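S.K.: After the C-alpha cells below, expect a handful of questions from me.
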Amino acid sequence: MTVEIGLVGAPSSGKSTFFKAITLKDVKIASYPFTTIEPNEGTAFVTAKCPHVELGVQCNPRNAPCIDGTRFIPIKVWDVAGLVSGAHEGRGRGNAFLEDVMKSRGLIHILDVSGRTNSDGETTEGFDPSETVKMLENELDYWMLEILNRELRSLKNIRVDYDTIIVAMEKRFSGLGIKKIDIEKAISQSSLDVSIPVSMWQDYDILDFISHLRRISKPMVIAANKIDVPGAEENLRRLKEKFDYEIIPCSAEIELALREASERGLIKYIPGASTFEVVGELNEKQKSAMKFIEEFLDKWKSTGVQNVLNTLVFGKLKMKVVYPVEDEVHFSDKKGNVLPDAFLLDENGTALDLAYTIHEDIGKKFIAAIDARTKRRVSADYVLKNGDIISIKTRK
Ligand SMILES: Nc1nc2c(ncn2[C@@H]2O[C@H](COP(=O)(O)OP(=O)(O)OP(=O)(O)O)[C@@H](O)[C@H]2O)c(=O)[nH]1
Ligand SMILES: [Mg+2]
C-alpha cells in the first residue's frame, strides 16, 4: 500500500504550489484565499541512493525511477482547502475536508513564513507565522475532538471500564489508521484520567488527550514556505526558537519553476539538488528568473521541498526503502530487470511484511528470504534494514 501524506495549512500558504511542484499535476494556484476547494490527490516521490551505484550494476526500474543514482520512490499526497481559526465552527471552508487528509500517515504543515499573509490567508505585513502554527494545531485537534465526542456521548450514561473505553476509541479512530498503542500512549501522557466515569471528564483534559493523540499518530513537519521572500528568514529563526517541530525552510514556487523548466527541456534539474544545468534556449525573462534561482540555491543549498518530503517519511515516520528481487545473484526479477522495484516499509517491517507488500499471494506462500548482499537466509520475522535487497522464496 502506498504511503499517504497530507498537506495542511492556512489559505494562500502555498499548499497547491507545493503539491504541483511535487506531482506536476495541473492544479489551480492563486493569491486569494480558498483557491482550492475540492481535494487534489497525486503521486510524489521520496528519494534514496539507488544500490546500483554501490553494486556496480545498471538498474532497470519499474515502480521507482532512478536518475543519476537517486531512486524516486512513489508516495501519495493530498492537497486540501485552507484551514482558518474557527474552521471547526464553520468558518472559511469549515473542516469536513480534513476527512481525506487525516487518513494520511503524516502531515506537512505548509506555513507561509514571509509574514505577508495572516492565518486567514489575507495579505498583510509583519505577521508572526507562529500564530498560524497554533491555529493549525487547534483546528486539527478540534476536528479529532468531534470524532471522539460522538463516541463519548454514547458512553456518558453507562458504567464503563478502561478496556471498554480503549476498544470504543480504537473502533472510532481506526478509520484514521490510529492504533490501540497510540491511544494508550496518549492516555498515559495526557492529563485525562479514564478511570473516572466519562460524565466527569473535563473538556480541558479531553482536549489534552486528543492533542497528544494527534501528535503521536500524525507526525508533522513544518515546511517554512516562501523563504525566498525578504524578511522570511527572521521569521524562520523565531519559529525555530518557539517550537520543537522539524522546521524546514523551502520555496515551493522555486521548486515548481525548476521542475517545469526541466519538463520543458530548458534545464537539467534533479529534485533535491543544489544546482541545475541550462540545456535549452532561454529567453531574457527566463534567464533572469534562472539567475534569481541560482542565487537562491547558492544561499540555501536546495529549494527544501524534497528535504521536507524525505524528512517526514524517513525522519518522522521512520520508513525504510527495500528492494525485492527474485534472483539474488543478479539482483533482478525473472526477466532480468535489475533492482526493478523499491518499496517503503515501516520501521519494524519484516521479510514477511515485504512479501505481503509485494503481493498477498507471495505473503501467503512465503517459505524463506535471502539477503541478496550476503546471500544469507533470513527468517520471516527478520526486521529489514534500510536499503536491504531481499529475495523472497515461495512454495509453488
Ligand atoms: N514567493 C513565494 N510565493 C509563493 C510560494 N509558494 C506559493 N506562493 C504564492 O502564494 C500564493 C498562494 O499559493 P497557493 O499554492 O494557491 O496556496 P494554497 O495554500 O494552495 O491556497 P488555498 O488553496 O487558497 O488554501 C500564490 O500567489 C503563489 O504563487 C513560494 O515559495 N514563494
Ligand atoms: Mg490550494
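The values are calculated or read from the model by the stated rules, or taken from the named source; none is laboratory data. Since the structure is predicted, the reported quantities are computational estimates derived from the model, not experimental observations. Every residue, glycine among them, receives a Cβ derived from its backbone with ideal geometry; neighbour counts consider all protein chains shown. All accessible areas refer to the heavy atoms of the entire protein, side chains included, with ligands and DNA or RNA removed. Shrake-Rupley method; radii C 1.70, N 1.55, O 1.52, S 1.80 Å.
S.K.: Given the structure, is ILE22 away from ligand 2 (no atom under 16 Å from the Cβ) and either among the hydroxyl-bearing types (Ser, Thr, Tyr) or in contact with a Pro (Cβ under 9 Å, 6 or more places away or on another chain) (or both)?
M.R.: Details: away from ligand 2 (no atom under 16 Å from the Cβ): no; either among the hydroxyl-bearing types (Ser, Thr, Tyr) or in contact with a Pro (Cβ under 9 Å, 6 or more places away or on another chain) (or both): yes.
Judged against the criteria, ILE22 is not a match.
S.K.: A follow-up question, please. For the stretch 79-96, how many residues are surrounded by fewer than 22 Cβ atoms within 10 Å (Cβ to Cβ) and either more than 10 Å from ligand 1 (Cβ to nearest atom) or among the aromatic types (Phe, Trp, Tyr) (or both)?
M.R.: Within the stretch 79-96, the subset surrounded by fewer than 22 Cβ atoms within 10 Å (Cβ to Cβ) is 85-86, 88-94, 96.
Now drop any that are not either more than 10 Å from ligand 1 (Cβ to nearest atom) or among the aromatic types (Phe, Trp, Tyr) (or both), which leaves 85-86, 88-91, 94, 96.
Selection size over the stretch 79-96: 8.
S.K.: So which residues in the stretch 197-220 are among the aromatic types (Phe, Trp, Tyr) and at pLDDT 95 or above? Break it down stepwise before answering.
M.R.: Of the stretch 197-220, the ones among the aromatic types (Phe, Trp, Tyr) are 201, 204, 209.
TYR204, PHE209 - these are the residues of the stretch 197-220 that are among the aromatic types (Phe, Trp, Tyr) and at pLDDT 95 or above.
S.K.: Now for a separate question. Considering the stretch 325-351 alone, what residues qualify as being surrounded by fewer than 21 Cβ atoms within 10 Å (Cβ to Cβ) and part of a strand (DSSP E or B)?
M.R.: ASP327, SER332, VAL338, LEU345, THR350
Residues checked against (1) open to solvent by 40 Å² or more (accessible area, probe 1.4 Å); (2) modelled with pLDDT under 95; (3) within 30 Å of TYR204 (Cα to Cα); (4) out of contact with any Phe, Trp or Tyr (no Cβ under 6 Å at 6 or more places or on another chain):
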{"residue": "ASN63", "(1), (2), (3), (4)": "yes, yes, no, yes"}
{"residue": "ARG71", "(1), (2), (3), (4)": "no, no, no, yes"}
{"residue": "VAL77", "(1), (2), (3), (4)": "no, no, no, yes"}
{"residue": "VAL101", "(1), (2), (3), (4)": "no, yes, yes, no"}
{"residue": "SER130", "(1), (2), (3), (4)": "no, no, yes, yes"}
{"residue": "LYS134", "(1), (2), (3), (4)": "yes, no, yes, yes"}
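S.K.: Take the stretch 41-67 and flag every residue that is free of Cβ contacts under 8 Å to residues at least 40 places away in the same chain and within 16 Å of ligand 2 (Cβ to nearest atom).
M.R.: Within the stretch 41-67, GLY42 is the sole residue that qualifies.
S.K.: State which residue is farthest from ligand 1 (Cβ to nearest atom) when the search covers only the stretch 29-50 and only residues that are buried (at least 21 other Cβ atoms within 10 Å of the Cβ) and within 26 Å of TYR323 (Cα to Cα).
M.R.: CYS50
S.K.: How many residues, within the stretch 8-28, are within 8 Å of ligand 1 (Cβ to nearest atom) and under 13 Å from the mean Cα position of the chain (by Cα)?
M.R.: 3
S.K.: Hey, another quick one. Scan the stretch 132-191 residue by residue and report those that are in a loop (DSSP other than H, G, I, E, B) and under 17 Å from MET220 (Cβ atoms). Break it down into steps so the answer makes sense when it comes.
M.R.: Residues of the stretch 132-191 that are in a loop (DSSP other than H, G, I, E, B), as a first pass: 156-161, 177-179, 190-191.
GLY177, ILE178, listed by residue number.
S.K.: Ok, one more. For GLY280, which of the numbered conditions (1) small (Gly, Ala, Ser); (2) buried (at least 17 other Cβ atoms within 10 Å of the Cβ); (3) over 30 Å from GLU151 (Cα atoms); (4) more than 12 Å from ligand 1 (Cβ to nearest atom) fails to hold?
M.R.: (2)
S.K.: Limited to the stretch 379-396, what total is found for residues that are assigned to a strand (DSSP E or B), open to solvent by 30 Å² or more (accessible area, probe 1.4 Å) and of a type in the set (A, V, I, L, M, F, W, C)? Before the answer, list the steps.
M.R.: In the first step, residues of the stretch 379-396 are kept if they are assigned to a strand (DSSP E or B); the result is 383, 389-394.
Pick out the ones that are also open to solvent by 30 Å² or more (accessible area, probe 1.4 Å) and you get 383, 393-394.
Retained after the next criterion (residues that are of a type in the set (A, V, I, L, M, F, W, C)): 383.
Within the stretch 379-396, residues that are assigned to a strand (DSSP E or B), open to solvent by 30 Å² or more (accessible area, probe 1.4 Å) and of a type in the set (A, V, I, L, M, F, W, C) number 1.
S.K.: Of everything in the stretch 1-19 that's open to solvent by 20 Å² or more (accessible area, probe 1.4 Å) and more than 9 Å from ligand 2 (Cβ to nearest atom), which residue is modelled with the lowest pLDDT?
M.R.: Ranking the candidates gives MET1 first.
S.K.: Mind listing whichever residues of the stretch 242-253 are open to solvent by less than 50 Å² (accessible area, probe 1.4 Å) and either more than 16 Å from ligand 1 (Cβ to nearest atom) or at pLDDT below 95 (or both)?
M.R.: Going residue by residue through the stretch 242-253, those that are open to solvent by less than 50 Å² (accessible area, probe 1.4 Å) are 243, 245, 247-252.
Hits for the stretch 242-253 are PHE243, TYR245.
S.K.: Scan LEU266, LEU256, LEU239 and give me the residue that is over 26 Å from the mean Cα position of the chain (by Cα) and either modelled with pLDDT under 95 or crowded, with 19+ Cβ neighbours inside 10 Å (or both).
M.R.: On the way: LEU256 fails: over 26 Å from the mean Cα position of the chain (by Cα); LEU239 fails: over 26 Å from the mean Cα position of the chain (by Cα).
On inspection, the qualifying residue turns out to be LEU266.
S.K.: Quick check on my filter: what residues within the stretch 352-378 are under 18 Å from PHE331 (Cα atoms) and open to solvent by 70 Å² or more (accessible area, probe 1.4 Å)?
M.R.: ARG373, THR374, LYS375, ARG376, ARG377
S.K.: Now, a different point. Between a first residue in the stretch 241-256 that is of a type in the set (S, T, N, Q) and a second residue that is part of a helix (DSSP H, G or I), which pairs have beta carbons less than 8 Å apart while being 6 or more apart in sequence or on different chains?
M.R.: Correct list of pairs: SER251/PHE296; SER251/TRP300; SER251/VAL305.
S.K.: Do the conditions hold for LYS226, that is, is it out of contact with any Asp or Glu (no Cβ under 9 Å at 6 or more places or on another chain), surrounded by 19 or more Cβ atoms within 10 Å (Cβ to Cβ) and not hydrophobic (A, V, I, L, M, F, W, C)? Spell out how you get there, then give the answer.
M.R.: Details: out of contact with any Asp or Glu (no Cβ under 9 Å at 6 or more places or on another chain): no; surrounded by 19 or more Cβ atoms within 10 Å (Cβ to Cβ): yes; not hydrophobic (A, V, I, L, M, F, W, C): yes.
No; evaluated as a whole, the condition is false for this residue.
S.K.: Condition test on ASP120, is it over 21 Å from PHE209 (Cβ atoms), within 16 Å of ligand 1 (Cβ to nearest atom) and part of a helix (DSSP H, G or I)?
M.R.: Numbers: over 21 Å from PHE209 (Cβ atoms): yes; within 16 Å of ligand 1 (Cβ to nearest atom): yes; part of a helix (DSSP H, G or I): no.
It is false that ASP120 is over 21 Å from PHE209 (Cβ atoms), within 16 Å of ligand 1 (Cβ to nearest atom) and part of a helix (DSSP H, G or I).
S.K.: Next question. What number of residues within the stretch 202-239 satisfy the criterion of being of a type outside the set (A, V, I, L, M, F, W, C) and either assigned to a strand (DSSP E or B) or within 16 Å of ligand 1 (Cβ to nearest atom) (or both)?
M.R.: Here is the first cut: in the stretch 202-239, the ones of a type outside the set (A, V, I, L, M, F, W, C) are 202-205, 208, 211-212, 214-215, 217-219, 225-226, 228, 230-231, 233-235, 237-238.
Adding the requirement that they be either assigned to a strand (DSSP E or B) or within 16 Å of ligand 1 (Cβ to nearest atom) (or both) leaves 225-226, 228, 230-231, 233-235.
The qualifying residues number 8.
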